[in-house]
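Here is the structure we will look at, set down as structure tokens.
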Amino acid sequence: MKTKLQTPTIILFLIVSMTAAIAQSSGSASVGTVPINPTTGLPMATGPIDPVTGLPANGSPPFMDKNGAPTWIQQSWPDPTKVVSLWWPDGLPVSEVARYLHEQFTNTFDIIMPATVFDATTVKVKLELENVTASEIFRAMNMQFELDNTPLRWELTWNDSRPTALLRYLPQLVPKAPPAPETKRMVFFVGDLIGANQSGQQISEMITGVFDAAFGNSEARWIFKIQNNGMIGDPTIQFYDPAQLLIVTGTPVQMDFIEQTLAALRQKAETARQEQSKSGESKPQTEAPTTGGASTTN
């Protein structure tokens, strides 16, 4: 009776032990500290995944190097033994460079590029490399993409049994446009500048002309673009004749420039009035002629 009870117990113990061993084996497959996907046999990316690119949300490719750090090239990717003595694509589109690489290394790897989300013909590759392998060329292009803020990265991986160079479009790397600068509206009285020889419309045109003279050349426009957070648009100037007012809409930098211009015009007008006044005071006076004959006295 005792023996009959021990046999099922032993069998149950063996089943539990084998199940635990299988679970432990499948769960512990890893490269260093990186877990392995049992379906693909590739390292699994950790952290949140970007649903658009399939990459981790931080933009790193889903590969790990021997030290467990994220990398753009799979460890098992077979770099061709061929070494290119001089690699100098002087401004060729990346699509043309990819085609040439495919031929240069005698089709030892395949190339996949985005077809719709990004036009690879618009990105130019400008490198000058010597004695480089295929992976070094791809790495150099990634460096250029990073320097140029281009949202593209090469990824060297496998397509089943074929080594593959995959060009990924990473929208999270697209430089964000700066926010539009704050605009405001101000009203300036210009009645003191309007005289017999110039109207309010002429004052408006004069301010616009000064603005163009100050920011017409490329260097000044570039500086003004930086000051205005990427915006070069001219201010809007309107003249309201009944009240002799200028209504101006623009950025704070533009408003400051227009206030300086109006101050300079007022200084010019004041100088002209002073000179006219001095000219009137220094003009010699003549005696009025007398009428009638001279009188005589006895």
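Quickly run through segment 117-154 and pick out the residues that are under 18 Å from Pro93 (Cα atoms), not hydrophobic (A, V, I, L, M, F, W, C) and not in a loop (DSSP other than H, G, I, E, B).
Answer for segment 117-154, where residues must be under 18 Å from Pro93 (Cα atoms), not hydrophobic (A, V, I, L, M, F, W, C) and not in a loop (DSSP other than H, G, I, E, B): Thr121, Thr122, Lys124, Lys126, Arg139, Asn142, Gln144, Glu146, Arg153.
Any residue in segment 92-120 that's over 22 Å from Thr150 (Cα atoms) and in the same structural domain as Asn159 (by TED's automatic domain parsing): show its pairings with residues that are in a loop (DSSP other than H, G, I, E, B) and hydrophobic (A, V, I, L, M, F, W, C) at Cβ separation under 7 Å, as long as the two are six or more apart or on different chains.
If the second residue must be in a loop (DSSP other than H, G, I, E, B) and hydrophobic (A, V, I, L, M, F, W, C), no pairs are left.
Among the residues of segment 81-110, which ones are surrounded by 11 or more Cβ atoms within 10 Å (Cβ to Cβ) and β-branched (Val, Ile, Thr)?
Val83, Val84, Val94, Val97, Thr108
Got a sec? Which of Ser161, Ser135 is surrounded by 12 or more Cβ atoms within 10 Å (Cβ to Cβ) and of a type in the set (S, T, N, Q)?
When all the criteria are applied, what remains is Ser135.
Could you tell me which residue of segment 184-223 is modelled with the highest pLDDT, considering only residues that are in a loop (DSSP other than H, G, I, E, B) and either more than 21 Å from Phe239 (Cβ to Cβ) or outside the structural domain of Thr251 (by TED's automatic domain parsing) (or both)?
Gly216
The values are calculated or read from the model by the stated rules, or taken from the named source; none is laboratory data. Note that the structure is predicted; figures quoted are calculated from it, not measured. A quick note on method: Cβ atoms are made from the backbone with ideal geometry, for glycine too, and the neighbour counts reach across all protein chains shown.
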